[in-house]
Amino acid sequence: MKINLEARAINAELRRAKTRARIMEAAVGVISAKGSAATIEDFVAAAGIARGTFYNYFQSAAELVEAVSHGVAESVETAIAGVLDGIEDPALEFAVFGALIARLTVDDPTRRWANVRAEQLQLASQVRHVSRVEGILERGRAIGRFKITDLLAARTLAMGAGRASLRNIVDGRAGHDHTAAVLSLVLGALGVPADEAGRLCLEALQIAERPDQRSAA
């Protein structure tokens, strides 16, 4: 009987991909509950696999944690891109970006954990977030929407304020309205009048709460 080696190899790859996805999916729940304290034993038990099987896919708990973090970050980036497409006003786009990051981070334990640890993990998504903010700031400056003389300083202000506000909410020092307050102050620093900045931030929060409607528009 002739053995179809190509089909066998494809099936083997599919099984490997399925098992890896199973481990990753189980890890999301473990990380949400235990964060950095999660161990290989926790992941193995949640996935229902042998410890030896775990090592066929990941060399350590840290490697799995990083893989999950990158996966979470990818999902955040995908969700953001769909909502921001089509927003022409850089000021509103900036506010919606910040509001979305806050909502996605606070509402999901795994995303919250991944975002809080983003700097330590040096996630590729953070590089994309920085690039996105830079693009918004550059477009705003080009059309006179933002009064920016130093792009690096403006980016530092925007990203630093965003990270700090997320930590304040996650740590329980502030509520959800903190996001709008911080975004409004940053827009003001970028040259948007205070009244308009406040209105844009409230609109941004509404869009962030109904992202599917915006994406379908």
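Which residue, chosen from LEU151, ALA9, VAL130, occupies the Cα position most advanced towards the positive end of the dipole of the chain, where the dipole is computed from +1 (Lys, Arg) and -1 (Asp, Glu) charges on Cβ about the Cα centre?
ALA9
State the percentage of accessible surface on the chain attributable to carbon and sulfur atoms; use a 1.4 Å probe and exclude ligands, DNA and RNA.
Numbers: 6210 of 11630 Å².
Roughly 53 percent, rounded to a whole number.
Would you mind finding the longest exposed-site-free stretch of the chain, with exposed trypsin sites (Lys or Arg not before Pro) meaning DSSP loop and at most 12 other Cβ atoms within 10 Å? Mind showing how you got there, number by number?
Values: sites that count: LYS2, LYS147, ARG173.
Here the longest segment lacking exposed loop sites spans 3-146.
Using only the Cα atoms, what convex hull volume per residue in Å³ does the chain have? Walk me through the intermediate numbers first.
Working: hull volume 34.1 nm³, N = 217.
Once divided by residue count, the hull of the chain is 157 Å³.
Residues of the chain: accessible area per residue at 1.4 Å, in Å²?
On the way: 11630 Å² over 217 residues.
That works out to 54 Å² for each residue.
Report the rotationally averaged projected area of the range 120-211 based on its alpha-carbon convex hull, in square nanometres.
Details: hull surface 26.6 nm².
That works out to 6.6 nm².
The values are calculated or read from the model by the stated rules, or taken from the named source; none is laboratory data. Please read these numbers as outputs of a predicted model, since none were measured by experiment. With ideal geometry, Cβ positions are generated from the backbone for all residues, glycine too; neighbour counts draw on all protein chains shown. SASA here: full protein model, heavy atoms, side chains in, ligands and nucleic acids out. Shrake-Rupley method; radii C 1.70, N 1.55, O 1.52, S 1.80 Å.
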